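Engineer: Submitted below is the structure of interest, expressed as structure tokens.
Coordinate-derived values only; no laboratory data. All values reported here derive from a predicted model rather than from experimental measurement. So basically every Cβ, Gly included, is an ideal-geometry build from the backbone, and we count neighbours across all protein chains shown.
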Amino acid sequence: MADYDIVIIGGGPGGYVAAIRASQLGFKTAVIEKDQMGGICLNWGCIPTKALLRTSEINHLLHSLDAYGFKAENISFDFKKIIERSRAVANQLASGVRHLMKKNKVTVLEGNAQIKGRLGTDIELTIDGKTTIKASHVILATGARARQLPGLESDGKLIWTYKEAMVPEKMPSSLLVIGSGAIGIEFASFYRLMGAEVTVVEVLETILPVEDKEISAFAKKSFEKQGIKIHTGTTVKSLKKNKDSVTATFESSGKSQELTVDRVILAVGIVANTENLGLEKTKIKVEKGHIVTNEWCATDEPGIYAIGDVASGPWLAHKAMHEGVLCVEKIKGLKSAHPMKTKNIPGCTYSYPQIASVGLTEDAAKALGRDIKVGRFPYIGNGKAIAMGETEGLIKTIFDGKTGELLGAHMIGAEVTELIQGFCLAKTLEATEQEMIETIFPHPTLSEMMHESVLDAFGQVIHM
Ligand SMILES: Cc1cc2nc3c(=O)[nH]c(=O)nc-3n(C[C@H](O)[C@H](O)[C@H](O)COP(=O)(O)OP(=O)(O)OC[C@H]3O[C@@H](n4cnc5c(N)ncnc54)[C@H](O)[C@@H]3O)c2cc1C
């Protein structure tokens with residue numbers, strides 16, 4: 001007889017959410033975690049970075065006080081305290097997860113878990129190579145770590161990954177960020193607003209390469225206005241470590257240039273944690289470094305599932321959590337269980353300005369041969385944005401011209417990471433353009449721009 005109905009390897013957002021839902025559904029559940037409950041998201045990802053970004057936003061506001069009628073002199077900050085606050089926020093949430101495990105009667109086992117083999121229909125796991133436990137179902141939620149570039153590896157001192165970038169001993173005066181995905185851009189934004197000289201190098205032609213091109217271009221202009229230097233279509237060839245600085249050589253269109261900075265942040269993606277899991281004893285397939293699953297997160301090995309960053313992308317905490325729930329509900333056989341609709345997963349970058357999107361970009365919609373209608377509404381046309389002093393931004397919506405289906409929404413500006421869920425809900429409910437047009441938005445709010453963008457797509461925009 002199995003010791004547990006469901007054992008989850010990894011206590012990050014995918015794993016702990018799966019555990020809570022499993023327990024709610026009556027499964028005897030355990031989570032095995034080798035490090036910190038909460039995983040990357042709570043300890044080294046989503047949460048501590050948002051604490052830092054809140055600080056840099058406040059710093060930006062403090063330096064804009066005059067516009068709001070305030071006078072303040074000698075504004076300064078204590079960098080150590082800023083980092084301590086970010087760590088305290090992360091610790092508070094991680095301890096909250098441990099409390100949730102207790103409250104939901106989920107057993108937390110500490111140690112490194114590995115698949116040992118099968119015993120009939122059960123799956124045997126070892127913890128730290130010693131204890132063996134049996135489970136009817138196993139969910140792999142082992143997450144991912146920072147990707148390294150050959151020859152440009154991080155050393156934790158001069159060349160950082162996100163981990164060191166989050167807890168520096170002192171504020172660097174100049175930084176090179178390699179990679180302009182959400183993580184790279186969030187660090188670039190934080191350090192720039194705190195006063196560092198920041199350069200971003202991106203090998204592709206646009207920053208935030210998964211975003212709609214118009215939004216990427218808007219973001220680039222906005223970051224450059226703030227003083228961030230951005231080199232797209234550029235490859236970093238070498239990093240030479242000096243005593244307390246790094247000299248980078250990068251190349252664009254055959255031209256080479258050098259830059260010496262205090263520190264470098266490598267933000268070039270992630271590598272899934274698939275090693276030493278005992279996968280070779282199973283039929284589980286790994287492709288491009290990630291575990292292959294079907295739409296219910298099932299792997300090719302009966303009874304074993306994979307969710308979150310260890311499986312296919314997008315590699316985001318809310319995708320991991322959603323998979324945790326749907327996978328457990330499928331195991332339970334709930335009629336209401338629904339497979340993941342990848343095209344409905346939003347993506348957010350919490351920089352200043354913020355960027356958020358869901359669904360197809362304009363280029364992707366066109367490439368699919370869709371006859372599209374595009375709506376746009378700028379922040380400068382919105383009363384609340386003007387009252388807030390946040391007039392830089394754009395909300396873009398893309399509809400199927402024939403069916404009225406919302407294909408994508410792409411936003412840049414204040415609070416768009418909060419606003420995007422309105423479009424996510426519309427996509428889940430498969431709302432038509434007419435239903436969105438008929439929806440009453442409160443005034444004065446930033447959300448009115450979402451309405452106006454939809455109206456614009458259908459030639460009915462009011463405030464523009
Ligand atoms: C700097 C940064 C900022 C980010 N910001 C955001 C954001 O704003 N929004 C967003 O949605 N996403 C963000 N992410 C991504 C997000 O953190 C991940 O998508 C999310 O953490 C994935 O969750 P997970 O449960 O799959 O894995 P993880 O959070 O990586 O957790 C996996 C856990 O498994 C444990 N583990 C691994 N192997 C074993 C083993 N063999 N035995 C026992 N335990 C094991 C690990 O110790 C870890 O705790 C960010 C990431 C970074 C790095």
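Engineer: Filter the cross-link list K221/K243; K281/K319; K163/K283 down to pairs whose alpha-carbon distance in this structure exceeds 31 Å.
Structural biologist: K221/K243; K163/K283
Engineer: Also, I was wondering about something else. Would you tally the net charge around E415, using a Cβ to Cβ cut-off of less than 10 Å, leaving E415 out, and scoring K and R as +1, D and E as -1?
Structural biologist: -1
Engineer: Follow-up. What percent do you get for the relative contact order of the chain when only Cα pairs under 8 Å and 6+ apart count?
Structural biologist: In percent, rounded to a whole number, it is 14.
Engineer: Which aspartates and glutamates, on any chain, are close to K341 with Cα under 13 Å apart, when same-chain ones fewer than 8 places away are left out?
Structural biologist: By straight Cα distance, K341 reaches E295, E323, E430.
Engineer: Next question, about the same structure. Using only the Cα atoms of segment 309-419, build the gyration tensor, take square roots of its eigenvalues as a ≥ b ≥ c, and label the shape rounded, prolate or oblate: rounded if a/c is under 1.5, else prolate if a/b is larger than b/c, else oblate.
Structural biologist: Cα axes put segment 309-419 in the oblate bin.
Engineer: Please give me the summed charge of the neighbours of S136: other residues whose Cβ is under 10 Å from its Cβ, Lys and Arg +1, Asp and Glu -1.
Structural biologist: -1
Engineer: Taking segment 48-147, which trypsin sites (Lys or Arg not before Pro) meet the DSSP loop condition and have no more than 12 other C-beta atoms within 10 Å?
Structural biologist: Counting only loop positions with at most 12 other Cβ atoms within 10 Å, the trypsin sites (Lys or Arg not before Pro) in segment 48-147 are K71, K105, K130.
Engineer: When DSSP beta bridges are limited to those with both residues in segment 159-268, what percentage is antiparallel, rounded to the nearest 5?
Structural biologist: 50 percent
Engineer: Continuing with the same structure: Relative contact order of segment 353-457: what whole-number percent is it, with Cα pairs under 8 angstrom and at least 6 residues apart?
Structural biologist: Dividing the mean separation by the residue count of segment 353-457 yields 35 percent.
Engineer: According to the Cα gyration tensor, what semi-axes, each the square root of 5 times an eigenvalue, does the equivalent ellipsoid of segment 27-120 have, listed from largest to smallest in whole Å?
Structural biologist: For segment 27-120, the ellipsoid semi-axes come out as 43, 13, 10 Å.
Engineer: I need the fraction of alpha carbon pairs in segment 156-288 separated by more than 17 Å, rounded to a whole percent.
Structural biologist: Taking all Cα-Cα pairs of segment 156-288, the fraction more than 17 Å apart is 61 percent.
Engineer: While we're looking at this one, here's another question. Where both partners of a DSSP beta bridge lie in the chain, what percent of those bridges are antiparallel, to the nearest 5?
Structural biologist: Percent antiparallel among DSSP bridges in the chain is about 65.
Engineer: Express in whole angstrom the spacing between the alpha-carbon centres of segment 367-399 and segment 199-247.
Structural biologist: Distance between centres, Cα-based: 24 Å.
Engineer: How long are the semi-axes of the ellipsoid equivalent to the chain, from square roots of 5 times the Cα gyration tensor eigenvalues, in whole Å, largest first?
Structural biologist: 37, 30, 22
Engineer: Enumerate the lysines that K332 could reach by cross-link, defined here as Cα to Cα under 19 Å, with residues fewer than 8 away along the same chain left out.
Structural biologist: K28, K105, K134
Engineer: Now, a different point. Let me check against my output: what whole-number percent is the relative contact order of segment 82-138, with C-alpha pairs under 8 Å and at least 6 apart?
Structural biologist: 20 percent
Engineer: Find which of N74, Y305, V7 sits farthest along the positive direction of the dipole of the chain, computed with +1 on the beta-carbon of Lys and Arg, -1 on that of Asp and Glu, about the Cα centre.
Structural biologist: About the Cα centre, the residue reaching furthest to the positive side is V7.
Engineer: Another question, if that's okay. In segment 1-141, what % of DSSP beta bridges are antiparallel (nearest 5)?
Structural biologist: Rounded to the nearest five, the antiparallel share is 45 percent.
Engineer: Can you give the helix-only mean residue ellipticity at 222 nm for the chain, where every DSSP H stretch with n ≥ 4 adds -39500 (n - 2.57) and the sum goes over all residues, rounded to the nearest 500 deg cm²/dmol?
Structural biologist: So the helix-based figure for the chain works out to -9500 deg cm²/dmol.
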